[in-house]
1. Just to be sure I understand the model, the point goes 7 Å from the Cα along the line to the Cβ. What's the resulting residue 70 to residue 87 distance in nm?
2. Working out 0.36 nm times the residue gap between residue 244 and residue 424, then minus their Cα-Cα distance, what length gain in nm do you get to one decimal?
3. Where in the range 123-149 does the label zone of residue 214 land, with the point 7 angstrom along Cα→C-beta and an amide N cut-off under 20 Å?
4. Provide 136, 231, 157 in ascending order of the number of other Cβ atoms located within 10 Å of each residue's Cβ, fewest first.
5. What are the residues whose amide H is under 5 Å from the amide H of residue 165, where those residues sit 5 or more places off or on another chain and H is modelled from the backbone?
6. Counting only Cα atoms, I'd like the Rg/Rh figure for the range 403-459, Kirkwood definition for Rh.
7. Dividing the convex hull volume of the alpha carbon atoms of the range 144-286 by its residue count, what do you get in Å³ per residue?
8. For the chain, give the magnitude of the charge dipole about the Cα centre (Cβ charges: +1 Lys/Arg, -1 Asp/Glu; no others), in debye to the nearest 20.
Amino acid sequence: MKYISTRNNKKTFEFKDVFIKGLADDGGLFVPQSLNSYGETEINSFRELEYNELAKKIISTFIGNFMSENDLSKIIDKSYSVFRNKNVVNLTKVGDRSVLELFHGPTLAFKDVAMQLLGNFYEYYLNNENQKINIVVATSGDTGAAAIDAIKGKKNVNIFVLHPHNRVSSVQRKLMTTGKDENVFNIAINGNFDDCQNLVKSMFADKSFSDGIKMSGVNSINWARIIAQSVYYFYSYFLADDSKQPINFSVPTGNFGDVYAGYLAKKMGLPINKLIVATNQNDILHRAISKGSYEVEKVAETISPSMDIQIASNFERLIYDLNNEDDKQTINAMNDIKEKGKYIIDKEKLDKINTNFLSTKMNEEEVLKTIKQVYEKFEVVLDPHSAIGYGAFDKVNISGNNIVLATAHPCKFPDAIKDAINIKAELPKDLMYILDEKENYDIIDNNVDKVQQHIKERI
């Protein structure tokens, strides 16, 4: 399989380049040049596979000659051996819908599913190529911890994690900052997540800097993460009630990566009916999908901080699709967003979006109310992000086999859980130690020169 950039569909890349670079040199995102889809018979043949075996089937189609089938099998088994659930994820019935628990990995968030695989991909690549790289990643809370756990202690790679200072939960921060590995560096930026993300994009765009430090990225724009996340859509589809009812997924969404993985699964032939983009009050994606206005507003701080985002980077991949894979139109759209803070989606494109996506938003009061109602009715505790996904089905009122992606363990957001149901959400026993560990991070202004200098002094 060959890959191209959303901003240049003439030049092709191998998976190795796509995985290592993360972001194309022209600022675009990598997508397959062409995508093979499975037929109904082939999809049904996957039904009885355990999670690891299903992952091997799906991921192998995307990586070309990056590694042998045997090496891929070993890496997938190694990646998922650290999960608390034998089959990585768990699907449980909660009322009239099912909840897909994606938080059984080392850092208690869905990011682990892709990130553990990514960490072992890096190790494999660097050992074979005898290279050293520096990963720079922005996080709104969960990505950073997952990336650190996947990269810590590995040879020939450093990781620098930028998080917004005082804008992640204390548990999210401590999962990042209490490690003692020499290849891990935490940076708290005086700003919001979009500021962190823009700093990373600026550093990638500065070729003298990014080439000089051999910079790589593991944010949700990295295609390897997208393909790894697509697997659990297939797996949960097979676990869902075996009926002729349509299957819908509700996805708590900030950067559009997780829900795009569902869209990829649908493009691969998985018969998903609708993907619900469930947002908090930072609702740029809801406004885009429901009204056709992708317009950047000020980021509001919420109890679902991983979704406190106004610039959803992965949305560019959908824009590329909407423009019939025209790279020039995609460039124009992205320039509008950068220069005007706005991209207007015409009716034809909006109709195309709505064949695959619906959207909702929830304010703080609604999130807390949903956590309370679910707990009182079913004795299930949802974190704020998962509650937004759960409540979305009440708003869109769509029938079928409805699956909610539960993206994080509630213990990562103890204050919100306490406010909602007056219960202390406890960390698993094997992670309790982080509460008393010394934290290690540096606070830096939202200034790319200062951040670059900080990184250069540590490599």
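1. 2.9
2. So the extension gain works out to 60.7 nm.
3. Zone members listed by number: 123-137, 148.
4. Details: 136 28, 231 25, 157 21.
If I rank by nearby Cβ atoms, fewest first, I get 157, 231, 136.
5. For residue 165, the qualifying residues are 189, 190, 191.
6. Numbers: Rg = 17.7 Å, Rh = 15.1 Å.
Result for the range 403-459 is an Rg/Rh of 1.17.
7. Working: hull volume 22.0 nm³, N = 143.
Convex hull of Cα atoms, per residue: 154 Å³.
8. On the way: 56 positive and 61 negative charges, 76 e Å.
About 360 debye.
Only the coordinates and a few stated rules stand behind these numbers; no lab work does. All figures in this text were calculated on a predicted structure; none of them were measured in a lab. FYI the Cβ positions are ideal-geometry reconstructions off the backbone, even for glycines, and counts take in every protein chain you see.
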